[in-house]
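Below: the structure, in structure tokens.
Every number here is computed from the coordinates shown, using simple stated rules; none is lab data. The structure displayed is predicted, hence computed values, not measured ones. So basically every Cβ, Gly included, is an ideal-geometry build from the backbone, and we count neighbours across all protein chains shown.
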Amino acid sequence: MDPVDDLEHRCADAWPALADERLGEWRMRASGGFTGRANSTLTTGDPGVPIPEALRHTQEFAARHGIGPTAHVVVGSAAEPAVAAAGWRVNLDHPGGAESAVLVGSPAGFANSVSRRVIVDSVPPPGWWELAVGGEPTQAQRHVLGTAGTFGAVVLDGHVVAVVRGALVGDLLHIARLSVRPSHRRKGPARELLAGLAAWGAQRGATRCALQVAVHNTPAMHLYAALGCTEHHRYRYWVPA
């Protein structure tokens, strides 16, 4: 099993922020407010300075980039009690959920007959952005999702009904942004799409996959469990008290 720090950094590489500044082994990230992952400081490893000082750097970085200061902290990590002692708290009001699980699995677990309705390409089909982000993408959204990523979609009668975004980091397939139109949920497009993306990844050397899912997203947690994914660890977002 991958060490937690290594897996977190691979996930960060798969989700590239507009600004990604190193502080020792920490990564201070900003992307115009698009997603917590791309607008928080990843606190794995040694920041090279005492943690209270590292958190001050985190606040200064956030101020320079016009985002709220946020720390991405692995549950049970060495950093967690130090972040709490510095006067920070878990952000229970985070719009994406304060706590997320990192799930791991094998592309083989997604195996299914790949549907002809599935498209996996470096260029998103018309309608992909609308379903993935709600409309025309911002510069930050284009960067985070488009850099080193590939776009998956299920197209029915010329309309995109499900989308996903994948990225390869070495032999790891990172899966994110799965979205299905309400009218087509529980009718198979999500599984079809994940099977197509897994096949795409396996053809390019992927031997495992990873997903970051908010723990309150029960349907997604059940879907990935059914596909053979297991929980590797969890992380939470912390903010100054």
Estimated FRET transfer efficiency when R0 is 22 angstrom, pair ALA241-GLU21 (beta carbons, to 0.05): 0.35
Estimated FRET transfer efficiency when R0 is 30 angstrom, pair ASP46-ASP93 (beta carbons, to 0.05): 0.50
Karplus-derived HN-Hα couplings along the range 174-188 (A = 6.51, B = -1.76, C = 1.60, θ = phi - 60°), whole Hz, x at Gly and Pro: 8, 10, 7, 6, 5, 8, 10, 4, x, 5, 10, 6, 6, 10, x
Nearest 10 degrees, 0 to 90: helix 51-65 Cα axis against the chain principal axis: 60
Degrees between helix 189-203 axis and first principal axis of the chain (Cα, 0 to 90, nearest 10): 80
Value of Rg to Rh for the range 104-167 (Rh from inverse mean 1/r over Cα pairs, i.e. Kirkwood): 0.99
Extended-chain gain in nm, criterion 0.36 nm per residue less alpha-carbon gap, ARG204 and ALA85: 38.4 nm
Bins of 5 Å, starting at 0 and running to the largest distance - Cα pair percent for the range 53-187: 2, 8, 13, 16, 16, 15, 12, 8, 6, 3, 1, 0
Over the range 99-241, relative contact order from alpha-carbon pairs under 8 Å, at least 6 apart, %: 39
For the chain, Kirkwood radius (reciprocal of mean inverse C-alpha pair distance, Å): 18.4
Karplus (6.51, -1.76, 1.60) ³J(HN,Hα), θ = phi - 60°, over the range 101-111, in Hz, Gly and Pro reported as x: 9, 9, 9, 10, x, 10, x, 5, x, 8, 4
Length added when fully stretched, ASN217-ALA63, from 0.36 nm per residue minus Cα-Cα: 52.4 nm
Whole-number D in µm² s⁻¹ for the range 18-132, Kirkwood Cα-pair radius fed into Stokes-Einstein, 25 °C, 0.890 mPa s: 148
Mean separation of Cα contacts under 8 Å (6+ apart) over length of the range 1-137, as relative contact order %: 15
